[in-house]
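Below: the structure, in structure tokens.
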Amino acid sequence: MNYISNLLHIKEIYDLDDLNNEVPKLNESLDMCMEEISSTLENVQEEMNQTCERSKSHINNVKEIETELSSLEQSLGDILLEELKSAEESFNGLVEEVDEITTSISLVHVVCEIHERLEMLQDFCKNPTDYMSIVELINVLNMLIETLPHSPIIPFVASLREMVNKEKKNANAVLKAEFLKSCTFVKEKNINKMKVPGKNLKILHSIVPAIYKNESTRELVTTLPNLIWENLFLPLITCQCEVTEVQTDDFSAIQVTIKNDKERNPHEKVYQNVSTMMDYLDKFLDCIIEDDLKLLNFIGAFLKERLSKAILKECVTKEIPRDWKDLPQFKENLMKSTQIFEDKLKSHGFLDRHWEWVDNIEEIYAQTKCQYFTDKSKQLMRKDLHNMIEVGTAYDSSKALMETDEILHCSISSYIPELIKLGHELIDEICEGPEGNCEILFSTYKGIFFNYGDFVASHHQKLLETIPQQVALFYNNCMYLHKQLQKWDQMFETNNVLTSYCDDSSKGFYQVEEVGRMFFDSFVREQKEQIEIILKGTNLHNKKTLETLEDNTEKLIRQCLRQQELLKTVWSKVLSYPVYNQTIGDILNTMCNFLINSLVVLEDIGAVVAENLIELFKIVLNRGVKLFSDSNEVFLYVSLWHKFNELIFVLGASLLDISDRWADGKGPLALHFTPYELKQLIRALFQNSDRRAAVLSRIHE
């Protein structure tokens, strides 16, 4: 750059000609400069190449040194690791030796202490007076034996364990025997006792805490409340008893003498006896078993709820007056006597919330009444259905059934009037008693009468499925109760308190009717199905042409009639006049329907077969009308009876007679047969001819 600057500076001095003269010089100078630069660059390149070669050599040397260092480091590590393992093994060996020595010393110490404690325990058990020390020694031995190793390589440890367990078992047996001697329960005929040897209660008071603190014998103390309950308290509540304290030279005892195990004392006397028992128990069992827990309080925790419920169930509930009007005075007396009794219980640890039933005696009264009505009704509903009585007014054919609201003459189970009387008592209780009892009493009313059908159907299920008389009586019972429930429902509508229950009540009597009708209809349906099954054995319904009858045809038809005659024998004395006629008529109609439908589809009926059918069907006519008290009623209750008679006519008639009876669609045949059915019968009975064609042509809609 300096060189060029000099040239520029010269440019300012020289003119153009001078410059032209100087150019060759400049070119020469430039060429010299370029050679010098090129030479310098080559020297620099050579020097750099030499430097790179030296660097590569240094790098290779460094890598070799690094490899040697790694190898040395690995070797040194292996040497150190081997030495460390050896040192560690030596150290661990020393530690194990020290542990074994320490364990041995501890083991010897524990074994010595165990032997020492065992000797002490044996001495205490030989002359047991300090029961708590025995229990403490047992607990110490339990702790010491757990510190011994369980390793099988130390054989004497197993023997030592067996020795300790044997002595513990012996000590527990001694404690148990001492406890049983110090507190014994005895039953002698009508006398129950809790006996304590001698007159000194200190033995009992010292052994009970020891027994309680020992896990192996604690069960003896936990069973004590049950023994006291069964032997002392329960007889006082469930029998006429007296409680006394008895002392002799050999023992002291609390004695309960049962004077009458069939009768109970009134609750005031029970309170008195239980209070006396509490005083005796406080004297006999006045000891602390753990911390501040007294034995009597421990027993009270087990028995106080049981005591409250037993007095309520066995005494108070049985004394509750049957008339709600006497309840207030009863409650007042009960609260006074119970308050005094509760004060006594409080000091003995037998009182808690379970005595609150005294304030809720009205509710218990209602529950007692509900239980009485429920139990009584179930007792009645379990009675046999076939014990029956006649009720209702005689059937009058001149009056339509809808014109009367009375029960028509029929038979019902003999217990139904008793059940209705019970219902009247319950309803009187609902309507006249305390308003607070209405809801629960009405629920009981619903439970008894709304569910009558379901309860009886379930209890007598097999009989209702197989015996016609039973199902008919059940049906009548339901219909009879249905009428009674309707009357009660109307009465509820006039009672301000019970108005809200009217909807429920109306649902109830429909439910009773529905169950009775359902069972009866189901039974009738089964009878009709049996009729059809029997008649299917004739094979009349399976044929297109009827040239001969099956050998059993007459037998099966008579069997169907016999079945209906048996139903008449039973039902005519049970069901009301119209219900019986409608039902037996429905069953007979099923038989007629099967016979008619089987014949009107046949394509050919032989002349002899037609005559045989007429004779068989006349049996149905003769015996069918006898199912009804008035033979003419068969036409009223068997809808196909006219058609069945017309079928018999057709089977024995000539073409002319049939044509006359059709009477251009205005005769009797036209009332019961369709043109198609009658034509089919004519084709089956008569051979093809001009006369048959003429008659067929006259039969049309």
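The values are calculated or read from the model by the stated rules, or taken from the named source; none is laboratory data. The structure displayed is predicted, hence computed values, not measured ones. Using ideal geometry, Cβ is built from the backbone for each residue, glycine included, and neighbour counts are taken over all protein chains shown. Note: accessible area is taken over every heavy atom of the protein model, side chains too, but ligands, DNA and RNA are not part of it. Shrake-Rupley method; radii C 1.70, N 1.55, O 1.52, S 1.80 Å.
Please give, to one decimal in nm, the separation of the simple spin-label points placed at residue 21 and residue 70, each 7 Å out from Cα toward the Cβ.
Label at residue 21, label at residue 70, 7.7 nm between them.
How big is the antiparallel share of DSSP beta bridges in the chain, given as a percent to the nearest 5?
The antiparallel proportion sits near 90 percent.
What relative contact order, as a whole-number percentage, does the chain give when Cα pairs under 8 Å and 6 or more residues apart are counted?
6
Which order do you get for 357, 324 if you rank them by accessible area with a 1.4 Å probe, largest at the top?
Greatest to least solvent exposure: 324, 357.
Given 544/626; 309/383; 193/369; 269/309; 169/304; 421/446, which pairs have Cα atoms separated by over 27 Å?
Long pairs (Cα-Cα over 27 Å): 544/626; 309/383; 193/369; 169/304.
Using a simple spin-label model with points 7 Å from Cα along the Cα→Cβ vector, what separation in nm is obtained for residue 33 and residue 483?
Distance between the two pseudo-spin positions: 14.8 nm.
For an R0 of 25 angstrom, estimate the FRET efficiency from the Cβ-Cβ distance between residue 615 and residue 692 and round to the nearest 0.05.
0.50
Mind listing the long-range amide H neighbours of residue 252? Cut-off is under 5 Å, sequence gap 5 or more, other chains count too, H placed in the peptide plane at 1.01 Å from N.
Here the answer is 196, 198, since their amide H atoms fall under 5 Å of that of residue 252.
Could you state how much accessible area residue 331 has, in square angstrom rounded to the nearest 10, with a 1.4 Å probe and all protein chains kept in place?
40
Determine the share of the chain's accessible area contributed by carbon and sulfur atoms, expressed in whole percent, with a 1.4 angstrom probe.
Carbon-and-sulfur percentage of accessible area, whole number: 51.
Sorted by accessible area (1.4 Å probe), largest first, how do 306, 623 line up? Working shown, then result.
Details: 306 85, 623 55 Å².
Accessible-area ranking of 306, 623, largest first: 306, 623.
Viscosity 0.890 mPa s, temperature 25 °C: what is the translational diffusion coefficient of the range 113-247 from Stokes-Einstein with a Kirkwood Rh over Cα pairs, rounded to a whole number of µm²/s?
Estimated diffusion coefficient is 143 µm²/s.
Using the Kirkwood radius over C-alpha pairs as Rh, can you work out the diffusion coefficient of the range 218-278 via Stokes-Einstein at 25 °C, viscosity 0.890 mPa s, in µm² per second? Can you show the working numbers first?
On the way: Rh = 12.4 Å.
Answer from the Stokes-Einstein relation: 197 µm²/s.
If you count only protein heavy atoms with a 1.4 Å probe, what accessible area per residue comes out for the chain, rounded to a whole Å²?
Computed with neighbouring chains in place, this is 57 Å² per residue.
What accessible surface, in Å², does a 1.4 Å probe find on residue 28, ignoring ligands, DNA and RNA and rounding to the nearest 10?
Residue 28 exposes around 120 Å² with every protein chain in place.
In whole Hz and in residue order, list the ³J(HN,Hα) couplings for the range 159-169 that follow from phi through the Karplus curve 6.51 cos²θ - 1.76 cosθ + 1.60, θ = phi - 60°; x for Gly and Pro.
After applying 6.51 cos²θ - 1.76 cosθ + 1.60, I find 5, 5, 4, 4, 5, 5, 4, 5, 5, 5, 4 Hz.
Let me check something: with ligands and nucleic acids excluded, how do 164, 108 order by accessible area (1.4 Å probe), largest to smallest?
Descending accessible area places them as 108, 164.
Would you please give the residues with an amide H less than 5 Å from that of residue 408, counting only those at least 5 places away or on a separate chain, with H modeled from the backbone geometry?
Under 5 Å from the amide H of residue 408: 393.
Report the net charge of residues surrounding residue 368, where surrounding means a beta-carbon distance below 10 angstrom and charges are Lys +1, Arg +1, Asp -1, Glu -1.
Computed value for this residue: +2.
Extending each Cα 7 Å along its Cβ direction at residue 81 and residue 550, get the distance between those two points in nm, one decimal.
It works out to 10.2 nm between the two label points.
Using the Kirkwood radius over Cα pairs, work out the Stokes-Einstein diffusion coefficient for the chain at 25 °C and 0.890 mPa s, in µm²/s as a whole number.
The Stokes-Einstein estimate is 62 µm²/s.
Sum up the charges of everything whose Cβ sits under 11 Å from the Cβ of residue 345, counting Lys and Arg as +1 and Asp and Glu as -1, but leave residue 345 out.
Here the count lands on 0.
Normalising by the residue count of the range 567-701, find the relative contact order in percent from Cα pairs under 8 Å and 6+ residues apart.
Relative contact order comes out at 30 percent.
What FRET efficiency comes out for the pair residue 379/residue 629, r = Cβ-Cβ distance, R0 = 35 Å, nearest 0.05?
0.40
Roughly how much of residue 525 is accessible, in Å² to the nearest 10, using a 1.4 Å probe?
120
Using a cut-off of under 15 Å, list every residue of the range 645-659 whose amide N is near the label point 7 Å from the Cα of residue 607 along the Cα-to-beta-carbon line.
651-656
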